[in-house]
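For reference, the structure is listed below as C-alpha cells.
Computed from the coordinates by the stated procedures, all read-outs in this text should not be read as laboratory data. All values derive from a computational prediction rather than experimental measurement. Here the Cβ positions follow ideal geometry from the backbone for every residue, glycine too, while neighbour counts run over all protein chains shown.
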Amino acid sequence: MDRTARSADLAALITDTRNSLMPIFGAMEVAEQEIVDAQVRHPNVADRIWRSFKLLVSTSDLLTRNELVYRSHCRELLERVAAGADTRPGTAAECCVALCEVSQRVPLNTSAAGLYARMWKAAGLPPIELGDASVHYEALESAAIDDKERDLRARLSQAERRLDSKPSS
C-alpha cells in the first residue's frame with residue numbers, strides 16, 4: 001500500500017472516529033449542563049447531584065438523538081437524586097422512546113396511547129396533538145394507564161442506575 005492510500009485510510013478512520021464520538025460528547029455536554037442547573041435548583045444536595053453524572057448514561061440511541069428528550073431524561077433523574085428517590089425505574093423520556101418504537105410496529109390501544117400522552121407531558125416535551133388528547137385518555141382509561149405506567153417504568157428499570165450513598169475517595 002502506498003503512502004497516499006495509507007493517508008487516505010487514516011483520514012477516513014479519523015473522520016469515522018470523530019463522527020462516532022460527536023453524539024457521545026454532545027450528550028456529555030448536555031448532562032453536565034443539566035447537573036449544573038440541578039445544583040442551582042437544589043443547592044442543599046449539590047454534592048450528591050455532582051456525583052450523579054454516571055446515572056445520565058443514555059439507554060437508547062433514540063434518547064440521545066433528540067436533545068430535548070435526553071435533557072428531559074437527565075432532568076428527571078437529577079430531580080430523583082435531589083429528592084433521594086429511586087433512580088432505577090425508567091424515566092418518562094425512556095417511556096416515550098419505548099412507546100415510539102412500539103407505535104411504529106403496531107397500533108397503540110387506547111390505554112397505551114393514553115400512557116404515551118401522559119409520559120410525553122411528564123417529560124415536558126413540546127405540546128403536540130397527542131398531549132392535548134391526554135385529558136380524554138385519562139378520563140377513559142386512567143386506571144389502566146396507571147398500571148401500564150408502573151409496568152413500563154419497571155420494565156425499563158436499570159438495576160445499575162444507582163448513586164452510591166457515599167462519595168468514593
Round to the nearest 0.05 the FRET efficiency obtained for VAL106 and LEU68 when R0 = 30 Å and r is the Cβ-Cβ distance.
-> 0.75
Which FRET efficiency, nearest 0.05, do VAL57 and ALA11 yield, Cβ-Cβ r, R0 35 Å?
-> 0.70
How far is it, in nm, from the label point at LYS121 to the one at VAL36 when both lie 7 Å from their Cα along the line to the Cβ?
-> 3.3
Beyond 18 Å, what percent of the Cα pairs of the chain remain?
-> 66
For region 3-83, Rg(Cα) over 2.2 N^0.38 Å is 1.46
With bins of 10 Å, the percent of all Cα-Cα pairs of region 92-155 per bin from 0 is 25, 61, 14
Taking a crude spin-label model, label points 7 Å out from Cα along the C-beta direction, the GLU29 to TRP50 distance in nm is 2.4
Based on the mean of other beta carbon atoms within 10 Å per residue, what is the order of 70-82, 48-60, 96-108, most packed first?
-> 70-82, 48-60, 96-108
Give me the angle, in degrees from 0 to 90, between the Cα long axis of helix 3-41 and the longest principal axis of the Cα atoms of the chain, rounded to the nearest 10.
-> 40
Rounded to the nearest 500 deg cm²/dmol, what is the calculated helix-only ellipticity per residue at 222 nm for the chain, with -39500 (n - 2.57) per DSSP H run of length n ≥ 4?
-> -22500 deg cm²/dmol
